[in-house]
Amino acid sequence: MTKFPWRISKGALIGGLLLATACLFLTFVLTKGMAHPGGGDPAGTSMAQGFMSLALALHCSLLAALVLTAALGGAMPVAGRAAILLLAPAAFVAIYMAFDLLTRRSLSPGLWAMTIPGAAPTLIVAYCLWALIPPLRTRVSARAAGFGLLGALGLVCAAIIPMEAMRNHANAVFAARVAALEARLAAMPDDAHLPQWMPFWESGVYRVEEAALAKILSLPSLQRDAEAMLERDALPLGDLRLFHLDPTPALCQSARASLSRRAEALALKPGEKPDFDRIADEFFGASDAIRWLVGFACASDGQSLAWETLGRSYGASDIQVSDLVEARDPKNLGSNLYNDRSKCRC
């Protein structure tokens with residue numbers, strides 16, 4: 001058993017335990033936030049990332065305080081103290097780099113980057129607690145703690161290097177895809193119909209989507225094409241509002257019929273496990289469509305109730321279905337007509 005020349009002060013032990021608890025709590029909160037970032041629109045996403053950056057700064061500050069407390073007041077061997085004082089700053093850098101990778105989770109390495117902000121703080125806390133708590137040191141030797149915990153921490157920090165290489169490759173592939181999309185977009189004939197523009201509108205590339213939307217909004221056949229796509233359930237429901245369509249009786253009838261068919265098609269089958277995330281995009285698109293229709297005096301109570309029932313069967317919360325409930329309030333019927341009297345033909 002390794003002998004250490006000094007005793008652990010009570011203050012260092014209590015302070016270390018409090019800091020370790022706070023660090024582990026923040027590790028859990030941050031990893032959960034990185035896995036499920038808030039904000040569905042650009043403004044909400046930017047705000048969520050801002051809060052995450054502040055939380056990361058606090059997290060790293062608490063981890064640094066814990067490391068100093070354990071290094072100065074704990075029973076660390078000289079080599080372990082030097083290693084943790086070198087590895088902790090490297091871990092902080094790796095955590096921030098991983099957070100940057102997670103802002104674009106759709107690109108490689110994707111959610112694998114979460115292993116760094118999840119594992120690195122945990123390993124730091126574990127080694128600091130080993131240095132501060134005497135019973136842990138009697139059961140785990142300095143060699144095992146150093147090679148096991150600090151060795152693993154070094155590997156976790158080093159993992160950011162191949163992850164950055166993966167991201168650079170993914171960025172190159174993405175850039176090539178964008179260039180190909182823009183070339184195809186430029187070659188599109190001006191008389192192309194809405195279905196031909198939809199792959200560009202749904203490409204997931206902001207520049208391409210904005211250019212495609214401008215073309216779509218200028219289509220002479222937009223209204224007719226949209227109604228035909230609704231009859232085939234081929235038009236994303238959320239696009240009713242975005243395409244600035246005229247809420248004519250024909251469009252109202254086509255949209256309501258499509259909403260009803262799609263809700264019926266998504267109904268849970270016997271024995272199927274509810275998973276709201278599986279239908280979330282379709283659900284919120286339907287909610288937007290129903291609000292838009294109701295706002296232009298296209299009563300959709302049956303469709304609203306059908307989608308609310310569907311959402312609740314998949315586990316939707318009261319907040320998630322609130323827009324559908326409000327859509328059945330008579331005061332909301334035709335509310336948009338006060339703001340856009342050019343569309344009073346419905």
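Side notes on the structure shown:
- For Glu227, Glu326, order by how many other beta-carbon atoms lie within 10 Å, fewest first: Glu326, Glu227
- Spin-label model, Ala299/Ser260: points 7 Å from Cα along the beta carbon direction are separated by 1.4 nm.
- Taking the Cα atoms of the range 222-343, the ratio Rg/Rh between the radius of gyration and the Kirkwood radius comes to 0.97.
- For Glu202, Glu264, order by how many other beta-carbon atoms lie within 10 Å, fewest first: Glu264, Glu202
- Were the residues from Arg104 through Ala35 laid out at 0.36 nm apart, the gain over their Cα-Cα distance would be 23.7 nm.
- Ordered by the number of other Cβ atoms lying within 10 Å of each residue's own Cβ, fewest first, Glu210, Glu231 fall into the sequence Glu210, Glu231.
- Given R0 = 25 Å, the distance between the Cβ atoms of Leu136 and Thr115 translates into a calculated FRET efficiency of 0.55.
- Efficiency of FRET from Cβ geometry, Ala228 and Tyr206, R₀ 22 Å, rounded to 0.05: 0.20
- Taking the helices alone, the chain has a mean residue ellipticity at 222 nm of -22500 deg cm²/dmol, built from -39,500 (n - 2.57) per DSSP H run of at least 4 residues and averaged over all its residues.
- Alpha-carbon Rg with Dmax, taken over the chain, Å: 27.9, 88
Every read-out reported here was derived from the displayed coordinates using simple, explicitly stated rules and does not represent laboratory data. Just so it is clear, the model here is predicted, and its values are computed rather than measured. Here Cβ is always computed from backbone atoms with ideal geometry, including for glycine, and neighbour counts include all displayed protein chains.
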